[in-house]
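Participant: The following block contains the structure, expressed as structure tokens.
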């Protein structure tokens, strides 16, 4: 007789705080907060998008969401730690999303500066990724994102061979549109990746609304795209993290501080 395995409830996960380094625990708290923020902003897609963070230290380990848990349920202790081949390196009752591993492992392995990788399937992000023009420099938010990388759709990201093409298309950029699929940002830490994604998602929403207005689009004067990009470089390199991230954590603490457990 087979016995069904019952996953533990998110609030019954055993704490791993005393089993990891202080640096890893802080990364876990920040990444769990990121999952909660994505849910709070309505950016989640049931269980099927992914946010990851590199675990501090010499090992190439990173953290992903437990597959089967809503983003609003993710906690620091429930995050799954895996190696570059997707093998769990710490006991967990949860598995990871294999498509999430394909995309995130590619970026983490190729980009030492990519300590955090975000990938979303929002309505507006997917809509803009499906438009031939891609992200148009018609708003301040779009211009602040600078040059956008693009990766053509190849189906659900289960083929590890696709990793090389993702890395090649991303290059050294921080923002990517996965064609007909969604948005992706990387950052030197969790807060920087979040801020980059916030601007990219806002830019996509503004473009969708501007194009739906039924009137001609005003294109900014030549040179303003480059100027706005240069003026905004410090937004996404981690310099703004100490200013932006603490208020985000306070917002979450007022809503539900259980992400810290």
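Participant: So how do 230, 160, 108 line up by other beta-carbon neighbours within 10 Å, fewest first? Kindly include the intermediate steps, with their values, before the conclusion.
Facilitator: Working: 230 10, 160 14, 108 21.
In order of increasing Cβ crowding within 10 Å: 230, 160, 108.
Participant: Neighbouring Cβ atoms within 10 Å as the yardstick, rank 145, 204 fewest first.
Facilitator: With the fewest neighbours first, 145, 204 line up as 145, 204.
Participant: Would you work out the relative contact order for the stretch 14-260, in percent, from Cα pairs under 8 angstrom that are 6 or more residues apart? Provide the component values of the computation, followed by the final result.
Facilitator: Numbers: 434 pairs, mean separation 51.4, N = 247.
Computed over the stretch 14-260, the figure is 21 percent.
Participant: Here's another thing I want to ask about it. In the Gaussian network model of the chain, springs joining C-alpha atoms below 10 Å, which of 120, 211, 135 carries the largest mean-square fluctuation?
Facilitator: Answer for the Gaussian network model of the chain: 211.
Participant: Continuing with the same structure: Along the Cα-to-Cβ line of residue 41, 7 Å from the Cα, sits a label point; which residues in the stretch 191-206 have backbone N less than 12 Å from it?
Facilitator: Taking a point 7 Å out along Cα→Cβ of residue 41, the residues of the stretch 191-206 whose backbone N falls under 12 Å are 191-205.
Participant: Springs between alpha-carbon pairs under 10 angstrom, Gaussian network model over the chain: which of 246, 58, 191 fluctuates most?
Facilitator: Comparing 246, 58, 191 in a Gaussian network model of the chain, the most mobile one is 58.
Participant: For the chain, what does the helix formula give at 222 nm: sum of -39500 (n - 2.57) over DSSP H segments with n ≥ 4, over the residue count, nearest 500 deg cm²/dmol?
Facilitator: Details: 8 runs with 98 residues, N = 261.
Counting only the DSSP helices, I get -11500 deg cm²/dmol.
Participant: Using alpha carbon centroids, what distance separates the stretch 104-120 and the stretch 25-52, in Å?
Facilitator: 15 Å
Participant: Specify which labelled value, from (1) 25.5, 80; (2) 18.5, 72; (3) 20.1, 87, agrees with Rg and Dmax of the Cα atoms in Å derived from the coordinates of the model shown.
Facilitator: The calculated read-out lines up with (2).
Participant: Enter the angle in degrees (range 0 to 90, nearest 10) between the Cα long axis of helix 190-211 and the first principal axis of the Cα atoms of the chain, meaning the one along which they spread out most.
Facilitator: Computed tilt is about 40 degrees.
Participant: Still on this model: Where is the GNM fluctuation largest for the chain (alpha-carbon springs, 10 angstrom cutoff): 65, 219, 180?
Facilitator: Among 65, 219, 180, the largest mean-square fluctuation in the Gaussian network model of the chain belongs to 219.
Participant: Mind checking the angle between helix 22-40 and the chain's longest principal axis? C-alpha axes, 0 to 90 degrees, to the nearest 10.
Facilitator: 60 degrees
Participant: Could you give the angle, 0 to 90 degrees to the nearest 10, between helix 241-255's Cα long axis and the longest principal axis of the Cα atoms of the chain?
Facilitator: 60 degrees
Participant: May I ask you to sort 129, 241, 212 by Cβ crowding, counting other Cβ atoms within 10 Å and putting the fewest first? Walk me through the numbers on the way to the answer.
Facilitator: Numbers: 129 25, 241 21, 212 8.
Lowest count first: 212, 241, 129.
Participant: What length, rounded to one decimal in nm, is gained on full extension from residue 161 through to residue 231, with 0.36 nm per residue of separation minus their alpha-carbon distance?
Facilitator: On the way: separation 70, 0.36 × 70 = 25.20 nm, distance 3.72 nm.
Stretched out fully, the residue 161 to residue 231 stretch lengthens by 21.5 nm.
Participant: Residue 83 label point, 7 Å along Cα→Cβ, cut-off 11 Å on backbone N: hits in the stretch 30-57?
Facilitator: Backbone N within reach: none found.
Participant: Sticking with this structure for a sec: Calculate the FRET efficiency for residue 172 and residue 251 from the Cβ-Cβ distance with a Förster distance of 25 Å, rounded to the nearest 0.05. All intermediate terms of the calculation are to be shown ahead of the outcome.
Facilitator: Numbers: r = 32 Å, r/R0 = 1.27.
Calculated value: 0.20.
Read-outs throughout are calculated quantities, based only on the coordinates presented, and are distinct from any laboratory measurement. Please read all numbers here as calculations on a predicted model, not as lab measurements. We place every Cβ from the backbone using ideal geometry, glycine too, and count neighbours over all the protein chains shown.
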